[in-house]
1. What distance in nm separates the two pseudo spin-label positions at B:Val27 and C:Ser363, each 7 Å out from Cα along the beta-carbon direction?
2. Treating only the Cβ of Lys, Arg, Asp and Glu as charged (+1, +1, -1, -1), what charge dipole size does the protein assembly as shown show about its Cα centre? Round to the nearest 20 debye.
3. Pairs of Cα atoms under 8 Å, at least six residues apart: use those to get the relative contact order of region E:167-246, whole percent.
4. With an 8 Å Cα cut-off and a minimum separation of 6 or more residues, compute the relative contact order for chain E in percent.
5. For the protein assembly as shown, build the charge dipole from Cβ charges (+1 Lys, Arg; -1 Asp, Glu) around the Cα centre, then report which of D:Leu194, B:Leu269, E:Ile158 sits farthest towards its positive end.
6. Express as a percent, rounded to the nearest 5, the fraction of DSSP beta bridges in chain D (both residues included) that run antiparallel.
7. Which value, in debye to the nearest 20, gives the size of the charge dipole of chain D about its Cα centre, when Lys and Arg are +1 and Asp and Glu are -1 at the Cβ?
8. If you average the alpha carbon positions of region B:249-263 and of region B:48-105, how far apart do those two centres end up, in angstrom?
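Values quoted throughout were computed directly from the atomic coordinates according to the rules given, and no laboratory measurement underlies them. Predicted model, so just to flag it, every value in this text is computed and none were measured. A quick note on method: Cβ atoms are made from the backbone with ideal geometry, for glycine too, and the neighbour counts reach across all protein chains shown.
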Amino acid sequence: MSGQSVSQSSAGIRGGPQFPPEEAVLGCRNVTKTFGAITAVDDVSLAIDEGEWVSIVGPNGAGKTTLLNVLNGFYDPDTGGEIFLNGENVTSDPSYKRARKGLGRTFQGLELFEEEDVLENVMTVRAVKERPNLLSALLFYVAGGRKVEVENMRRVEEILDYLELWEYRHSTIGSLPLGIQRRVDLARSLALEPDVLLLDEAMSGLTFDEKYDMVRFLADLHEKEGMTMVMIEHDLEVVTDVSERMVVLDQGAIIARGRPEAVVDDPEVQRIYTGVE
Amino acid sequence: MPCGEYFTSYEERMGLIRWRIERVALVLGLPIPLIAPFVLTGELVSVFTLVFIFGIAVLGLHVMLSYAGEIVLAQGAFMAIGAYTASRIVNEAGLGLLPAMLIAGLMTASVATAFGLPAGRVKGFYVAISTLALQFIAVQFFFRRGEFEAIHGGTQQSMPGEIGLVGDALAIGSANEEYFFALLMLVVFALLTMNLSRTGIARMFRALHENDLSAQVLGVNRFRNKLLAYAIGGFMVGVAGALYTIYIGFITPEFFSIDITLLHYMMLLLGGMGRVWGVILGVTTVELLNHYILQTLIDIFPEGTSLEPMFFGVIIIVVLIVEPKGLMAALGQLKEYLRKWPYAY
Amino acid sequence: IGGGGSGDNTALVGGIHDLSGATSDVGQPTGRGTRDALAWANENEDLGFEINHDWVDYAYDVPNAQNHYNSLTSGDNPPVIIGWGTADTEALASEVARDEIVYISASYSDKLLAEETPYNFFVNLDYTSQGRAHAEWIANNDSGATVAMIHNTTPFGESPVDGTEAYAEELGLDVADNITLGLGANTADTQVKRAMDNDVDYLIHQNTAAPMQVLMSSISDLGADITVMGLTWTVDEFRAQSVADAFEGVRYVNTNKSWNQVESESPEGWQIIEDSFEREGHDMSNPEIANINYVRGVAHALLAVEALKRVDDDGGDIQSGSAVREKLIEMDDFDARGLLPVTLDYQDGDRRATMFGQTYEVSDGEMVPDQEIELPRREEWLP
Amino acid sequence: MSSGQADEPPVVELDNAEIVYDRTFLAVQGVSMSADRGDIVALLGPNGAGKSTILKMISGIGRSERGEVTRGSVYYEGDEVTNAKTNEMVDRNVTHILEGRRVFEDLTVEENLRCGLYRGGRRIRYSKSDYDIAFEYFPKLEELLDVEAGYCSGGEQQMLVIARALIHRPNLLLLDEPSLGLAPKLVVDIYETLREINREEDITMIIADQNAKETLEVADYGYVLENGQVELHDPADVLMDREEIKEFYLGTSSEESRYSEIQHYKIRKRWK
Amino acid sequence: MVDAAGLFSVLVTGIGIGALYALVAIGFALIYKITGVLNFAQGQFALLGAFLVVVLSTSVPFWMFDVQVPVFAALGLTVVIGALLGVALERLVFRYFIGEPVLSVVIVTLAFIGIVDGGIRFFISSQYRAYPEALQPSWSITLPYDTSVQAPFVIGVILALLTVAGLMAFFRYTVLGSILRASASDQQAAMVLGVSIERTIVVAWALSIAITSIGGILLAMSSGGAGFTIGDITILVFAAVVFGGLDSIPGAFIGGIVVGILQEFGVYLEEFLMPGLESVLPMVFLLVVIVVMPYGLFGTERIERL
Ligand SMILES: Nc1ncnc2c1ncn2[C@@H]1O[C@H](COP(=O)(O)OP(=O)(O)OP(=O)(O)O)[C@@H](O)[C@H]1O
Ligand SMILES: Nc1ncnc2c1ncn2[C@@H]1O[C@H](COP(=O)(O)OP(=O)(O)OP(=O)(O)O)[C@@H](O)[C@H]1O
Ligand SMILES: [Mg+2]
Ligand SMILES: [Mg+2]
């Protein structure tokens, strides 16, 4: 598949990105993010290839989430850092623009719209893509606002069916088990029809079955759509099984990158992260 | 999930009237406001006219507060801006009521948007300061000062007894005409708001309200949508202000004090945030309650009219203790039951 | 209550009072005075008709006034409505003109004397002339003194400023900048300091009771040597008594008599008040109600009754506001059974009841009647 | 059963308890379980199985979510405490560590710890030495004292809530998903620390966790819940050897890894 | 001509009146800090305090009950009644709203406005009520430019400072203080540490109303007696509190002072610009500040992480 171009480059697991970020689907160069004293992300350069599945691991507080936040513009990187999306420099774009340019995202703490039901949650994000103008919205029947909504709903229903969420359509988020909520979170970002998916611990707190399902969907998206995946995950089993490349962060800096098998066996990584020797 | 009935198409699911009970209610309810003026006392007709006008204003607040979650404390100022604009259009330009309302709405919308700008940085209760400042600037200062006559056209203005809808055509003057016109306007704006609430625009408002961080990361432009909310809400309140001038017939800054704002909050929150019907329910309840308590006191205990706000307050609190989420929530449970009827759960 | 059911020999007299709202401190005695006097007239006068007083306590909240007005006018219009203050009077002025309903109220803005509002009547000097009366007094007694207006920024507060200042200058008084004191002010220190800096001897105060209190307490705190001259709403027996030493020396002007004056000078009017207090069980010794504002309310009622009576005597239509207005214009011998120090004389082109002002000075908590001021009745003073 | 004398009553005991939310939603039915003094008891099971619910009803906090024990009863050290108020249970030295690292975000780490000293308002004054027990097990916190808890990383926050609970000097400690979202190494560390605490301070613990492997390793006894009922219960070591546990919770049954073959798994819906 | 003396006396008066606002503002901030509720009836509680003193210390009856105690007993009693009122409100009203949306409690406070105001008008008096001699201290302290500060202002500044210091220490250094803040940030997590929400509500309202009624009394003293304008300061106070940072006690204090100063300065400017500025100046200034510092002076910033 598309990943191999990279995974062959067994040029050790230290060193920088194997091709310039400018050319990447999603990439960054010399990104640093500090919060007062804390350096959450420390001079990270990353290049993710079309259709690649990359995992980011690292101890808690390593800066994984912060890195994602910088990538999709929730935080601006400290001066000097640059972000590239589909080969375009998006460093100055606010997060909502990057989202519309095809950067999907799920959240560690699933930041769902708690009061709404599943359908509304996904419809909301869908509205970002196909929004009726104010007039047609107000007049609804007359000026085509309805057409847009119907179209959106059709699309959203497809996504819900795809993720096997149909039965939860009308249940409010709060009452759903964690596994389903994580899936809704995924559905929400799919409504953007993204080129790249950023997954922040999309499987933490899930049982084996739920993880299995989640991986199923992701794998299918990756397979059939060639969707590019950037996944933060603590479950090394998943990481090694699904991802083609692995990046290890510690204290904000990349300490290792490369093919999972190679990386997990690295003693440094084991000392800092896995703990098993 | 609905088990009594189900939908066959998305269009149907997006309809305004979806459940049998709603259809029944509509058919039974529709004629009432239409025949009301011919059976009610002049006092009640007048009370309901006010209900309709405030209804529009509170719908505006509803868009800004329940959808976009912006704490706006300038109902008084917005209505004043609408009122003074309308008065000038009618008295000086003589364009008639409808153009006056339109321009009043646009004027208010633009001022509202201007004072919504801080929402780009400021969140939660803090943003209240912005519109609160407007309230003071407009009502305590601007409209009171003759120095600005060129702009507001006089601190006190009175409307002609008869106002044409367009130019001098279709004049409105009598209490009943005002009643029906206000009713019509309320219906129009209620429908517009309902439409808004089922489209992406309102969804994005709500999303920003509930979790602005993730909403932005998922592509919602926070600043733009907040301003849009101010504009839409401001427009509606401004229109209400314009209608208020034909209702009272005379405007002076004191009529637009902060008390109106507090009253409208009471109406909105009592009805239960988030639903258009809740707004209408809230406004009606508050106005009628006040009216009847006062009348009762005048009849049975004329020396105790100062107890009116006290009784009103106590009733409100008791209602809330019974159903803290407001009248709409209480009705909702009833509706759920009826909707499923006759099917069992 | 609701709509006005008025048969042929009942006259519907609407009432829009403030018994519990922002201005109820003065509105309550006035409103009660009116209600009591109308009841009294029904009992004790041999009117050829019954007065049906359909009133509301609108709590100084305009929509309530509007609602009640619409209810009063939903049947056939009442001939007379006895209103209360600025809010209701100005809100309804154009409507009463259109519906030809005489509107007697205690809003004394000279704007209401204009042609556009021919149906508004009041039983007092307009605010501006009250200010002029004070100025006149200064000119007579302390010429060469410095005077300044102090007032709030509402139209009510602003209304007498220019006219009074102009007249004061004409009388050769030094007029210092006018000063504003908000309705909701909690201190007047800065205002008073400013007056002191400008060597003001007399402050003519157009405001409501609360700011008057604030002003007086700031003056006494700062020990300023300034005489405050209050317009209608700033002084009454209750205030004079309850804060006697702060109000010591305050001057006041009005055109209906104070409580004590009525008691001592006008037996006929006093009778009405005594009967009413008896009937309603009010307490004569309680200045909260037994004060100049109660008298004011009674005077309003009597004016309405008198006009209606005259319409009825001439076989006119007591349902007709215009007929009642006719009589008001005709009348020139009405002194409200002695509750007024003078007789009223409304003219078609000039609805100023009188140019006569009774001034008072507060000493040891009493409103002591002082000189009587007669102002020239000038055309150009009309709006 | 394991440690803890036979004669004294178990620290907690659920007798055929049924738990209902909102008077309508049956979350747990007929669960009987007990924890002896000094034991670590593991509650396993998929999401929605009712683990948290049981803990919530023991600590009484479930009442604040309209939860209620509608049948059966709950005993604490022999006394019936069915549907007791939270602060009553706190007075009996029961401390509940809620799901999802509930630190007080805008308080500093030090103030968070201080809140652990609150005992029905009895403690007003405090001294640094009150925190010793926290630093003993989580020395890292000592460096973070003045950091706002909200800015701490997931691991730091997890340590903080456990430390806060320790300062509370509990007799029974209820832990809900202590390893949620923690890096593997940290999970191991936390569980080791918990074991240590359990031994040193003689604190009885009930741990509800997804992470069956680590949990069972430290636990004395284990219950497996599935949709509201106890499926299995046994001493931890026995459970670990059971096939179904290996299959579904430990994932050590089949040797080759499990996610890789998903690539070839047929998905039933189409995307687009 | 702008003269130093004039400006100075404006400053002094501003601080004086501001300190009285501050006391009410602190009450407002307390309730928000602990229960997250905006109490739109704060001014009415100040008003109630002001009138209770009248009822207790003069012959003015409360409905048909005419109590009359020595002035200083009356002051004490008023504050105590204020605190008890807080307790009563929890028992009668607020406990039914635990776990319900905050906004519904906000309506309740809107309802209080009418209840208190109407109650006073009916049961006590709808008139301005003068304070007894003992509560109209004639002494005043004189500062440079022979500007004198009247007694209530002096007392107000002192009391406000004491209250702020006391409360800050309470929240910063005591266990109870921390746990109160904690339960504001996460009720459940606080409950499992033994907090009873009922008790926190009682503490919040009792403290708040007590402090607020002190403010009300002083406002009345400064104008010679209790008048209904005291009730109108709520919105002003709200602005002051937002400016200070909603949940910050020192913030509320500074906010109150700033509003006071700006108001007086607005009055002062009338001479040079135009009247009516006293109501605009504070608001515009606060608006500017809020735009620059979105969480007010010392408001706890919302932690924004994903
Ligand atoms: N908004 C912020 N302000 C201050 N510090 C922050 C902020 N966001 C993150 N940090 C700090 O940056 C560091 C990295 O945090 P981050 O959430 O990226 O860790 P992580 O790798 O995602 O950990 P976890 O696996 O627990 O999610 C942590 O020390 C955290 O305290
Ligand atoms: N407050 C509540 N109101 C209504 N239902 C609830 C509530 N909390 C939990 N439930 C439901 O009760 C059932 C048990 O939930 P519980 O949280 O105890 O499961 P769990 O085993 O802890 O799952 P998890 O591993 O996600 O914590 C679930 O179906 C859940 O939806
Ligand atoms: Mg993270
Ligand atoms: Mg759980």
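1. Using points 7 Å along Cα→Cβ, the separation is 8.4 nm.
2. Values: 110 positive and 209 negative charges, 918 e Å.
Once rounded to the nearest 20, the dipole reads 4400 debye.
3. 12 percent
4. It rounds to 35 percent for chain E.
5. Going by the charge dipole, the pick is D:Leu194.
6. Details: 24 of 41 bridges.
Looking only at bridges with both residues in chain D, the antiparallel portion is about 60 percent.
7. About 1280 debye.
8. Going from one Cα centre to the other spans 12 Å.
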